[in-house]
């Protein structure tokens, strides 16, 4: 139950953050001013302490999963936008020039050349964001969002170390499993590009 809630919060937050970041990241890769503004705004959101952010959202959205998801989306934006924009910017100019010479328009170049070549960098950002969100979601139990943090805080409240350990280990193992999976995907994408 708690693990499922944790996965719902973290997964929803990452999906929403990635969708926003893809749009912003593409625009930021094309326009340095958009990049600077996006980094400044997302950087401010990223530096707000988790509990303070959750508390600030209570008057707006109340308690529960929505509060936690908004908070986790905000924490993911800076990492994802930066990596998406950087990945696109690092695509060699000769690759895009060759695609343009083959008759591709800007949209085709983006989806068929730039994004595929930027995937290793994008996945690296997704990896960092995923581990961060999974870890920080533990604190979301303070706003009745559920998740593994509920087990930990219930254990603290009842002075029951086994319960604390169970919740903490579950959160750690989940973060490690996700990190390992995305690291393997990142290595596979890098090796594929290196052999291409």
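The values are calculated or read from the model by the stated rules, or taken from the named source; none is laboratory data. Please read these numbers as outputs of a predicted model, since none were measured by experiment. Here the Cβ positions follow ideal geometry from the backbone for every residue, glycine too, while neighbour counts run over all protein chains shown.
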Do you know which of the residues in the range 57-79 that are surrounded by 14 or more Cβ atoms within 10 Å (Cβ to Cβ) and over 19 Å from the mean Cα position of the chain (by Cα) is modelled with the highest pLDDT? 57
Let me confirm something: among 188, 127, which residue is within 30 Å of residue 90 (Cα to Cα) and surrounded by fewer than 17 Cβ atoms within 10 Å (Cβ to Cβ)? 188
Check the range 88-108 and report whether any residue there is in a helix (DSSP H, G or I) and within 14 Å of the chain's Cα centre (by Cα). no
Which ones in the range 57-70 are in contact with a helix residue (DSSP H, G or I) (Cβ under 9 Å, 6 or more places away or on another chain), part of a helix (DSSP H, G or I) and over 15 Å from residue 11 (Cβ atoms)? 57, 58, 60, 61, 67
Consider residue 149 carefully, then state whether it is more than 22 Å from residue 75 (Cβ to Cβ) and assigned to a helix (DSSP H, G or I). no
Quick check: anything in the range 138-145 more than 23 Å from residue 1 (Cβ to Cβ), crowded, with 17+ Cβ neighbours inside 10 Å and out of contact with any strand residue (DSSP E or B) (no Cβ under 7 Å at 6 or more places or on another chain)? no
Test result for residue 105, at positive phi and surrounded by fewer than 19 Cβ atoms within 10 Å (Cβ to Cβ): no
Those residues that are out of contact with any helix residue (DSSP H, G or I) (no Cβ under 9 Å at 6 or more places or on another chain) and closer than 18 Å to residue 25 by Cβ, I need them from the range 95-110; list them, please. 107
